[in-house]
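Remarks on the structure that follows.
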Amino acid sequence: MSVVDEVAKRPATRKPPESNSAAKSDGSAERARLRLMMLIRRFEERTVQEYQKAGQKIGGFCHVYSGQEAIAVGISAIFQKGKDQLINGYRCHGHSLALGMPARDCFAELFGKATGCSKGKGGSMHFFDAEAGNNGGHGIVGGHIPVGLGLAFAQKYKNTGGVTFCLFGDGAINQGTHNEALNMASLMKAPVIWIVENNGVAMGTQVERSSAEKDLAERGSGYAMPHYHVDGNDVDTVIEKFGAAVERARKGEGPSYIVADTYRFRGHSMSDAMKYRTKDEMEKAKLRDPITLYEVRLREQGLLTQEQIDQLQEEVSKEVADAVAQADNDPHPQLEDRFDDILAEKYPYQPK
Amino acid sequence: MARPCLLLNPTSRHGRAARGTADRTTPMAQLQFRQALRAAMTEEMERDENVFLIGEEVAEYNGAYKVSEGMLDKFGPKRIIDTPISEAAFSGLAVGSACMGLRPIVEFMSWSFTWVCIDQIVNNAANVRYMSGGQYKVPVVFRGGNGIAHQLGATHSHRMESVYARIPGLIVVHPSTPADAKGLLKSSIRCDDPVIFLESEKMLNELGEVPDDADYTVPIGVANVERQGKDVTLVSYGRALQRVVRPAVKALADDHGIDVELIDLRTLRPMDTKTCIESIKKTNRCVIVDEDWGYCGMGSGILQKLQKPAFDYLDAPIEYVHSDEIPVPFNHYLEEAMMPSVDRIVSAVKEVCYR
């Protein structure tokens, strides 16, 4: 059974769990989450448009997050700023926006501008905001997993009480780093949550053809840590299940391995025409669009009206349009700036 | 992966006095290269609680080559950390923790094993500062045995200096004396950039005078003119310098009347080109010696840095003495034969001197 079939048979809406204190709130937190998901979607769809404009406006590889918003936004709901850390591989736009990076800084980075979050030196795959605890955006599949272990190691070493969210795709689980880092994290009881954003396809190769063990949560077994699936399209489920893993890590009980099943509405990158997908599969997936699911739930719960939802949509559209306009007018880095940010210190005879 | 265990020979063949920046009044101790490394790590760990040591067998086993002997007892398992045989995981761990303000020292039993974690060192340690627009400092030291040791065969004998010295974002250090080993390692631990610190299993028993002042350091990026001379500039570093270059310099003086100016580079990136060029201006001749393969080897890089600025002062093309371009053979005689020898260096020097 494909991931799509599996998530499709789950109920379209569900009541948030009783234990979730948000259920008793005035709805402002829920509205903020919905808005954030809408912002990420609007940002990504605009990114696609900007990418397709002539003149290499964005250039390079560009992987958008459309369809997976509930995971990043769910994490942002439990992420403690100033304490927790996040690191991920591809599709870092969504995570960066979720952790509070202004859309303008993101677009500026995509356009290679000096005002970008990495001064135009990182690009789509390398959004960083160290102060926010957002440790990037890494371009080698699986290469950041040991670094995530290191972030958690430092949290434990310094006894900060923080946890690290280390995200990667279903493609990364077949890298050797995955095995090595999971094993060491468990030995060290490092406060890290390993999160597989399972969108069912690694670049253009379906999970069924790339993973011998079809149940990806089982890939977390053998490392003596809890491992389970969650519905990655349901923001409330993400908050609840990830929250439990975070509590466990904060208590010093070590890492957890969570497979968040989701769906990628766009190709792996801009050059991917998604010929490996059928129309039927994509239609089915749209029924499980995380934003639509959440809108329906909030309407049912009386927390939002359709008019208010439309209003939110207008707001995020304007925010994205303004961000693009600002980023468009931002300067490119000075050519001599290319020699900056290589080393932290000055050495005698350092070559320029 | 089979791991070598070299016999620990307490006697040294080439005890030498320390040079470098040490104050002559500084108290000296006669230390092995490994003891000098241990002293550097111990002093820096006492100075800064953010410094820790991680690697295979560094703790309970007291270090595969006994560099970290006794450090677990002194600092405990929080700071002296044994790992599984997982180079990618623990080198990446070090990078992540360095981004968070810790100062890890990673011990690789052999730099040959780092082929499996070059991604961590290059894409993460060296690139993350640049890719993030300068948001991170990555103060990590990767250290361990580099190069040909003794009949370890092709897989365990790699000279990795040219692999790392070409990477912007990394510092590459290769000491050739116990005193420099201590002083440079202390500078490397205090440094805010990722440092590739290369040693040699075959040098760990070498004895030398080492200052025991806790503030003794040797600066990164500054070469050492080890011997003044007027006839030819000889540029080398690390094990080649210790194994064949110094004996060759003596033979050239004693048997051929050639007065060599000997430069120990100590840091390979950023390279101290100024000291080399000043020397060539005086001698008008230059020979580079290392144990790397020649093509795209470390010496090729050094040559590229010297050739143009030194051209007007050169009376002969720069010579480069390197290892034969073959996988490192297991057989002792073949292994010896592939490496630069005293004879090869003497011929190269005679050639540039037209003698």
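The values are calculated or read from the model by the stated rules, or taken from the named source; none is laboratory data. Remember, predicted model here, so these are calculated numbers, not experimental data. Note that each Cβ is placed from the backbone with ideal geometry, even for glycine, and that neighbours are counted across all protein chains shown. Heads up: the accessible areas ignore ligands, DNA and RNA and are worked out on the full protein's heavy atoms, side chains in. Shrake-Rupley method; radii C 1.70, N 1.55, O 1.52, S 1.80 Å.
Some values worked out for this structure:
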| quantity | calculated |
| --- | --- |
| Accessible-area value, B:Phe311, 1.4 Å probe, nucleic acids and ligands omitted, Å² | 130 |
| Share antiparallel - DSSP beta bridges, the protein assembly as shown, percent rounded to 5 | 20 |
| Semi-axes of the equivalent ellipsoid for the protein assembly as shown, Cα gyration tensor, largest first, Å | 54, 27, 22 |
| DSSP bridge orientation in chain B - percent antiparallel, rounded to nearest 5 | 25 |
| Environment charge of B:Ser68, counting only residues whose C-beta is closer than 15 Å and scoring Lys/Arg +1, Asp/Glu -1 | -4 |
| Environment charge of A:Glu307, counting only residues whose C-beta is closer than 14 Å and scoring Lys/Arg +1, Asp/Glu -1 | -2 |
| Exposure of B:Asp343 as accessible area (Å², to 10), given a probe of 1.4 Å and all protein chains | 110 |
| Other protein chain Cβ atoms within 10 Å, averaged over every residue that makes up B:111-123 | 2 |
| Partner chain coverage, peptide B:79-91 - average Cβ within 10 angstrom | 5 |
| Sequence of B:Phe197, A:Phe265 when ordered by accessible area, the most exposed leading, probe 1.4 angstrom | A:Phe265, B:Phe197 |
| The range B:211-239 and the range A:288-352: distance between their alpha carbon centers, rounded to Å | 51 |
| Cross-link pairs A:Lys121/B:Lys186; A:Lys113/B:Lys308; A:Lys158/B:Lys137 - those with Cα-Cα distance over 26 Å | A:Lys121/B:Lys186; A:Lys113/B:Lys308 |
| Candidates per GluC sites (Glu not before Pro) in the range B:33-134, loop by DSSP, up to 16 other Cβ within 10 Å | B:Glu49, B:Glu60, B:Glu69 |
| Cα pair count fraction exceeding 18 Å, expressed as % - the range B:68-126 | 36 |
| For A:134-145, mean number of other protein chain Cβ atoms within 10 Å | 5 |
| Under 12 Å from the B:Asp192 label point (7 Å along Cα→beta-carbon), backbone N, the range A:80-124 | none |
| Where B:Asp192, A:Asp236 fall by accessible area, highest first, once all protein chains stay in place (1.4 Å) | B:Asp192, A:Asp236 |
| Residue range of chain A that is longest and free of GluC sites (Glu not before Pro) which are both DSSP loop and sparsely packed (at most 11 other C-beta within 10 Å) | A:19-212 |
| Gaussian network model of chain A, Cα within-10 Å springs - most flexible of A:Arg104, A:Arg297, A:Arg91 | A:Arg297 |
| Solvent-accessible ranking of A:Met37, A:Met203, largest area first, probe 1.4 Å | A:Met203, A:Met37 |
| The range B:307-323-the range B:62-99 distance, computed between alpha-carbon centres (Å) | 42 |
| Paired Rg and Dmax values of the range B:177-297, which use every Cα atom, in angstrom | 15.0, 46 |
| Cut-off 11 Å between beta-carbons: net charge of the residues surrounding B:Val260, Lys and Arg +1, Asp and Glu -1 | +1 |
| Acute angle (nearest 10 degrees) that the helix B:342-352 long axis makes with the longest principal axis of chain B, alpha-carbon atoms | 50 |
| Highest-MSF residue in chain B out of B:Gly96, B:Gly147, B:Gly238 [GNM, Cα springs under 10 Å] | B:Gly96 |
| Highest-first arrangement of A:83-89, B:150-156, B:181-187, where packing means the average Cβ count within 10 Å | B:181-187, A:83-89, B:150-156 |
